[in-house]
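The values are calculated or read from the model by the stated rules, or taken from the named source; none is laboratory data. All figures in this text were calculated on a predicted structure; none of them were measured in a lab. Using ideal geometry, Cβ is built from the backbone for each residue, glycine included, and neighbour counts are taken over all protein chains shown. Surface areas here come from the heavy atoms of the whole protein model, side chains and all, with no ligands, DNA or RNA. Shrake-Rupley method; radii C 1.70, N 1.55, O 1.52, S 1.80 Å.
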Amino acid sequence: MSTKPTAAHLDDFGKVAMSETEKSILFDIIEDRSGTLSTIIVGQRPYNDWHGFIDNPVIADAILDRQSRDRHHIKLRGESLRRREASFDGL
């Protein structure tokens, strides 16, 4: 019995620096899924800052090229729901 692949989800992208190995792995994931499977990438880092964050021109260009073809960019505005629900009164 084979399992059909589904959407992948990468949360908090860009929160910490990546090693060259991790950058290469990210490229491999994006490359394998490009044009066939959905990949959801969520993070605080603006999309136009990814090239600087990835910090390897070859890998960054390849990842951004594959992401730019069929991407949907959703930029959220407003206060964080986590921040709104948090209570700091007792601290």
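Before moving on, here are some points about what is shown:
- Among residues of the stretch 8-32 that are within 14 Å of residue 64 (Cβ to Cβ), those with a beta-carbon under 7 Å from a residue that is open to solvent by 90 Å² or more (accessible area, probe 1.4 Å) at least six positions away or on a different chain give the pairs 14/44.
- Residues in the stretch 30-41 that are open to solvent by 80 Å² or more (accessible area, probe 1.4 Å) and of a type in the set (Val, Ile, Thr): 36, 40.
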